[in-house]
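To start, the structure itself, in structure tokens.
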Amino acid sequence: MRLAETAWPSVPVGGLVLVPVGSTEQHGPHLPLSTDTVIARAVAERVAAALVPEASGPVLVAPAVEYGASGEHGGFPGTISIGHEALHVLLLEMVRSLTPWAWRVVLVNGHGGNVRALGSAVGQLRGEGHDTGWLSCEAPGGDAHAGFTETSVMLHLAPELVRVDAAVPGDTRPLATLMPELVARGVRGVSPSGVLGDPSGATAERGRELVEAMVADAVRRIAANRADTRGRLLRPVEHP
Ligand SMILES: [Zn+2]
């Protein structure tokens with residue numbers, strides 16, 4: 001159920017609300033600025049559909065947060081970042097305002113730069129007694145930014161928004177290796193195209209598999225309902 005399309009008397013009290021958290025930031029010359037939001041929203045909607053048969057109550061998907069902390073992508077036209085502090089406050093107030101009628105809130109994140117604010121805000125909210133947690137849309141072996149993973153996923157979810165002919169390989173070093181340079185010089189200083197990774201060979205079919213893996217991972221974390229001190233939902237312990 002999409003919250004934005006519902007009138008208030010039809011909003012079930014006591015449900016689980018999923019809030020996609022995205023960004024508006026450059027994703028290379030071939031992917032739209034909304035890439036992280038498109039992915040977070042699609043994963044949240046598929047997770048809601050997967051949870052409904054087993055959930056003890058209703059599952060709703062709230063409108064996405066379309067702005068995030070994207071300072072490292074600031075050198076590219078189109079990027080709009082609200083920064084860590086503003087995102088922290090936005091998430092705090094949003095969840096506080098949701099919990100009087102929702103029994104649980106899970107933030108479904110599509111952008112790595114949002115992790116700091118998610119951890120600080122959700123950690124604080126849990127300390128205040130709110131039943132909330134967050135997770136990131138993750139697929140095993142995914143590359144950093146606007147590379148094979150995100151390009152494949154977007155070819156599956158929104159092919160009309162992908163400019164396949166404009167795709168170029170970017171800096172393909174692993175994110176952990178790149179990080180000191182990214183922090184010092186921003187993405188533009190490391191990769192003039194804005195791509196970190198390599199979109200070559202991306203396919204919609206691979207994208208479908210990646211989305212399925214993201215959804216399955218999210219469903220497992222939500223069902224396990226265990227979180228670290230920063231509110232990040234953990235995978236279930238398979239062999240305790
Ligand atoms: Zn992204």
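A few notes on this one:
- The residue that is modelled with the lowest pLDDT, among those in segment 23-57 that are among the small types (Gly, Ala, Ser) and under 22 Å from Thr99 (Cβ atoms), is Ala55.
- Looking only at segment 126-173, and only at residues there that are in a helix (DSSP H, G or I), closer than 19 Å to Ser193 by Cα and not hydrophobic (A, V, I, L, M, F, W, C), the one that is nearest to the ligand (Cβ to nearest atom): Glu150
- Cβ-Cβ under 9 Å pairs, at least 6 apart or on other chains, segment 165-193 side of a type in the set (Asp, Glu), far side surrounded by 15 or more Cβ atoms within 10 Å (Cβ to Cβ) and in a strand (DSSP E or B): Asp171/Leu196; Glu181/Asp171
- Residue within segment 180-202 that is hydrophobic (A, V, I, L, M, F, W, C), surrounded by 15 or more Cβ atoms within 10 Å (Cβ to Cβ) and away from the ligand (no atom under 16 Å from the Cβ) present: no
- Qualifying residue in segment 80-92 (condition: away from the ligand (no atom under 14 Å from the Cβ), over 20 Å from Arg221 (Cα atoms) and in a loop (DSSP other than H, G, I, E, B)): yes
- Every residue from segment 1-33 that is more than 16 Å from the ligand (Cβ to nearest atom) and hydrophobic (A, V, I, L, M, F, W, C): Met1, Leu3, Ala4, Ala7, Trp8, Val11, Val13, Leu16, Val17, Leu18, Val19
- First in segment 4-16 and under 18 Å from Ala64 (Cα atoms), second anywhere and of a type in the set (Phe, Trp, Tyr), Cβ under 9 Å, 6 or more apart: Val11/Trp101; Gly15/Trp101; Gly15/Trp103; Leu16/Trp103
- Only one of the numbered conditions (1) closer than 20 Å to Trp101 by Cα; (2) surrounded by fewer than 24 Cβ atoms within 10 Å (Cβ to Cβ); (3) away from the ligand (no atom under 16 Å from the Cβ) is violated by Ala64, and that is (3).
- Filtered residue count, segment 13-59, keeping only those that are over 19 Å from Asn109 (Cβ atoms) and part of a loop (DSSP other than H, G, I, E, B): 12
- Among the residues of segment 118-138, those that are surrounded by fewer than 21 Cβ atoms within 10 Å (Cβ to Cβ) and under 18 Å from Leu175 (Cβ atoms) comprise Gly119, Glu138.
- Scoring Val115 on the criteria (1) within 16 Å of the ligand (Cβ to nearest atom); (2) assigned to a helix (DSSP H, G or I); (3) buried (at least 21 other Cβ atoms within 10 Å of the Cβ) leaves a single failure, condition (3).
- Of everything listed in (1) within 25 Å of Leu210 (Cα to Cα); (2) surrounded by fewer than 22 Cβ atoms within 10 Å (Cβ to Cβ); (3) of a type outside the set (D, E, K, R), the single unmet condition for Ser152 is (2).
The values are calculated or read from the model by the stated rules, or taken from the named source; none is laboratory data. What you are looking at is a predicted structure, and each value in this text was computed from that prediction instead of being measured. For neighbour counting, all protein chains shown are included, and Cβ atoms are generated from backbone atoms with ideal geometry for every residue, glycine included.
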